[in-house]
Amino acid sequence: MTDGVRAPPALKEKLGKLGLIRIDDFVLHLPLRYEDETRCYQIADAPWGEPVQVEARVLDVAVQYRPRRQLVVRVRDAAVAEEVSGGQELALRFLNFYGSQSKQLETARDNGQLLRLFGEIRQGFFGPEMVHPRYRVVAAETPLPAALTPVYPTSAGVSQTALRKLIAAALAEADLSEIFDDAWRQRLALGRFADAVNYLHAPPPGAPLGALQLRTHPAWRRIKFDEVLAQQLSLRRAFLARRERGAAELKAAGHLAAQLLAGLPFALTAAQHRVVAEIDHDLMQPHPMQRLLQGDVGSGKTIVAALAACRAIEAGWQVAFMAPTEILAEQHYLKLKAWLEPLGVRIAWLSGSLRKAEKKAMQAEAAGGAQLVIGTHALIQETVDFARLGLAIVDEQHRFGVQQRLALRQKGGQVGAGGGVAAIPHQLMMSATPIPRTLAMSYFADLDVSVIDELPPGRTPIRTKLVADARRDEVTARVEAAVAAGRQAYWVCPLIEESEKLQLQTALDTHAALSAELAGLRVGLVHGRMKADEKAATMAAFAAGEIDVLVATTVIEVGVDVPNASLMVIEHAERFGLSQLHQLRGRVGRGVHESVCVLLYAGPLSETARARLKIIYEHTDGFEIARQDLHLRGPGEFIGSRQSGVPLLRYADLEADADLVELAHAEAECLLQEQPSAVARHLVRWLGSREQLLKA
Ligand code: ADP
Ligand code: MG
């Protein structure tokens, strides 16, 4: 049996773009909705304003030119005798039509042929009419279809009729048998897979359209469970496969970490202690840690990462620490250098913008003596070879594409790997994007998760103010007052995502305008097009208090930490996403001074912009903001799933079907252990070739 579907090459290509390649793909291409052609109404009885089917004969066919060229066909109910009048006639109106169409309808009129029409009846100018009905000429007594007509998701060049035929053929040929055993299925109170797909592709007359549309029907439940299960299984399987690969056991007495802690001006919070212990435990295992460290903006993830690095370094291994922007990487470099160099740790800095010779030298460091290498994604370029990479730390991991994360994973050192499988470094991913529980369960099922759920003590909460553009003057006055009180301020330029050039111009304009308005203050500028050393110099000057007001683009969005800055102004706040606003606001409130975040907005606001501003105004807890953001945007966009490499859910909804996610999560581990070959078949059915992505 071939695993493909028979179709001409041009059509095949279009089908491929819809993800329809294998027979199973067609089976799982489920309808968006249905049309009920299982019954015929008499024209006089048919409800108006909803799709109905009627049978009629053509009375006349005319091309009219007013108000514009159109084909108008008068028809009369086929089942009603000629002498009965009133409400039995209908006008069909076609604004786009072919000559062949009017010919065909004229022939139907001349021969008294039957038309089966499908469309919505509504009040026209001269009585009831259907605009652009679907119709076909049928012989008398042609039986009605035995099932509702499915309407599938499709794209240009693939007609519903073609899809219906291909899917019906696929259903006849496919193996729809149960993959897991029946007792298991019954315990979970799920119907049969074959019954579910057959039902959904062709529901019987009278099927509950509401439950089908809302996907609450038991047949949908089975499909959605299978889909979520496939996601869980593939992620867990990838997790277990990586575990198999072995890693160095980072055994260290903890002297280096203790020294670092002793030199800090603060004590760890209980939450930081807990996650440090979780990480330490993982690092001593002979298989790679795959841990996501979550903690809200400002919760203190950097010191946790530094403590993990200490353990690896003390155990004689190298650590790579990767950050998504130059500014953040540089800041980490400076901070970790201050913490660790006095303890004798050798640190190297590698960024994309280093000059060739410097880069060469740094690459040599990575290959040789450096114990900690900090940098941007330059770290994962092919040319960097670590001698003994034991731990890879990725800050703000959601900013990296899946390929970049995978690449760092491949940079393992020569660990004495058992069984001939190449070892990989331990991995610590960090993220300040708090993920609601079901989303985490769904998208991070291939990671262990640690959460810092507590902010360091002594922080004064940030006050957020919404201010209309017209009152900009009050805001500049506020900046002056803050500086007079010895504080510093950020001023974030309007976001222009469509054009980098315009973004740059806006930054320059904002800087010029503020320099004029705030004469006497030291106004600095940092933006994405500056050279790395210029950026670094500006950030250093701001950190040292030599700049009062830092005009910035979103380059300062993540990680930047200047505790004396207590005022954040965001211009055109309505253009920013929720997590961006939360991150930006998190740049202040880092010291002992009361901090304020001013969101300047320009009306009129769209409904979602209004909703976003309301959420950011009312909440400071990142988890709550994330939950609401998820609600506003849906999981795909929220998580950036195009990048995540995680199979998207097409049918299940993480919020509405949270119970299925929990159920599948609970079942997955057990199935992987007890029925591995069935698991493999389930994954082939659901993911086919897409599963390759996760194997790396
Ligand atoms: P994030 O989790 O956003 O990366 P950082 O690691 O940048 O947060 O920490 C934010 C600030 O809080 C830094 O100035 C850091 O030194 C400080 N900090 C971290 N942990 C503590 C703590 N336990 N007590 C006081 N300050 C802390
Ligand atoms: Mg950080």
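The values are calculated or read from the model by the stated rules, or taken from the named source; none is laboratory data. Fair warning: this is a prediction, and the values are worked out from it, not measured in the lab. Virtual Cβ from ideal backbone geometry, glycine too; neighbours counted across all protein chains shown. SASA here: full protein model, heavy atoms, side chains in, ligands and nucleic acids out. Shrake-Rupley method; radii C 1.70, N 1.55, O 1.52, S 1.80 Å.
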For residue 290, distant residues with modelled amide H under 5 Å away
427, 448
What list of ³J(HN,Hα) couplings, whole Hz, do you get for region 77-84 from phi and the Karplus terms 6.51, -1.76, 1.60, once you set θ to phi - 60° and write x for glycine and proline?
3, 6, 8, 10, 5, 4, 6, 6
Give me a comma-separated list of calculated 3J(HN,Hα) values for region 148-157, in order, Karplus coefficients 6.51, -1.76, 1.60 applied at θ = phi - 60°, integers in Hz, x for any Gly or Pro.
5, 8, x, 10, 9, x, 8, 9, 3, x
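Using DSSP to call loops (not H, G, I, E or B), can you name the GluC sites (Glu not before Pro) in region 95-173 whose Cβ has at most 12 other Cβ atoms within 10 angstrom?
Values: sites: 106, 120, 129, 141, 173; in loops: 141.
Hits after loop and neighbour filter: 141.
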In whole Å, what is the distance between the alpha-carbon centres of region 290-325 and region 219-280?
12 Å
Average Cα contact separation per residue, region 165-220, under 8 Å, 6 or more apart, as relative contact order %
32 percent
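Kindly give the semi-axes, whole Å and largest first, of the ellipsoid equivalent to the chain, taking each as the square root of 5 times a Cα gyration tensor eigenvalue.
Details: eigenvalues 691, 244, 91 Å².
Calculated on Cα positions only, the semi-axes equal 59, 35, 21 Å.
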Going 7 Å from the Cα of residue 561 along its beta-carbon direction, which residues of region 425-448 have the amide nitrogen within less than 16 Å of the resulting point?
430-433
Cα-centre dipole for the chain with unit charges at Cβ (Lys and Arg positive, Asp and Glu negative), debye to 20:
1240 debye
Calculate what fraction, in whole %, of the accessible area of the chain sits on carbon and sulfur atoms when a 1.4 Å probe is rolled over the protein chains.
54 percent
Out of residues 5 or more away from residue 393 or on other chains, whose amide H comes under 5 Å of its own, with H placed 1.01 Å from N in the peptide plane?
320, 321, 322, 428
Expressed in square angstrom to the nearest 10, the accessible area of residue 131 with a 1.4 Å probe stands at 50 Å²
Length released on extending from residue 111 to residue 388, taking residue separation times 0.36 nm less the Cα-Cα span
91.1 nm
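Under the √(5λ) rule applied to the eigenvalues of the Cα gyration tensor, what semi-axes describe the equivalent ellipsoid of region 462-619? Give them in Å, descending.
Values: eigenvalues 95, 67, 47 Å².
Semi-axes from the Cα gyration tensor: 22, 18, 15 Å.
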Lysines within cross-link reach of residue 335: Cα-Cα under 28 Å, excluding same-chain residues under 8 positions apart?
251, 301, 356, 359, 360, 411, 531, 535
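Quick one: longest stretch of the chain between exposed loop chymotrypsin sites (Phe, Trp or Tyr not before Pro), exposed meaning at most 15 other C-beta atoms within 10 Å and loop per DSSP? Spell out each step's value before the answer.
On the way: sites that count: 48, 65, 98, 125, 126, 266.
Within the chain, the longest run free of exposed chymotrypsin sites (Phe, Trp or Tyr not before Pro) spans 267-696.
In deg cm²/dmol and to the nearest 500, what is the mean residue ellipticity at 222 nm of the chain if only DSSP H runs of at least 4 residues count, each as -39500 (n - 2.57), divided by the residue total? Could the numbers behind the result be given before it?
Working: 26 runs with 284 residues, N = 696.
About -12500 deg cm²/dmol.
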Which aspartates and glutamates have a Cα less than 16 Å from the Cα of residue 224, not counting those fewer than 8 places away in the same chain?
24, 25, 178, 195, 653, 655, 657, 659, 662, 667
Taking only protein heavy atoms and a 1.4 Å probe, what accessible area per residue, in Å², does the chain have with all protein chains in place?
45 Å²
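Please report Rg over Rh for region 51-143, where both radii come from the alpha carbon positions and Rh follows the Kirkwood definition. Could the numbers behind the result be given before it?
Values: Rg = 12.6 Å, Rh = 13.4 Å.
Using Cα coordinates only, the ratio equals 0.94.
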Among GluC sites (Glu not before Pro) in region 468-572, those in a DSSP loop whose Cβ has at most 16 other Cβ atoms within 10 Å are 497, 498, 546
What do you get for trypsin sites (Lys or Arg not before Pro) in region 275-359 restricted to DSSP loop and a cutoff of at most 10 other Cβ within 10 Å of the site's Cβ?
355
For the full complex of protein chains and a 1.4 angstrom probe, list 68, 192, 116, 215 by accessible area with the highest value first.
68, 192, 215, 116
What full-extension length gain, to one decimal in nm, is calculated for residue 669 and residue 346 as 0.36 nm per residue of separation minus the Cα-Cα distance?
112.1 nm
Interchain or long-range residues, amide H under 5 Å from residue 525's placed H:
551
Once ligands and nucleic acids are excluded and a 1.4 Å probe is used, how much of residue 677 is accessible, expressed in Å² to the nearest 10?
80 Å²
Which percent, nearest 5, of DSSP beta bridges in the chain are antiparallel?
35 percent
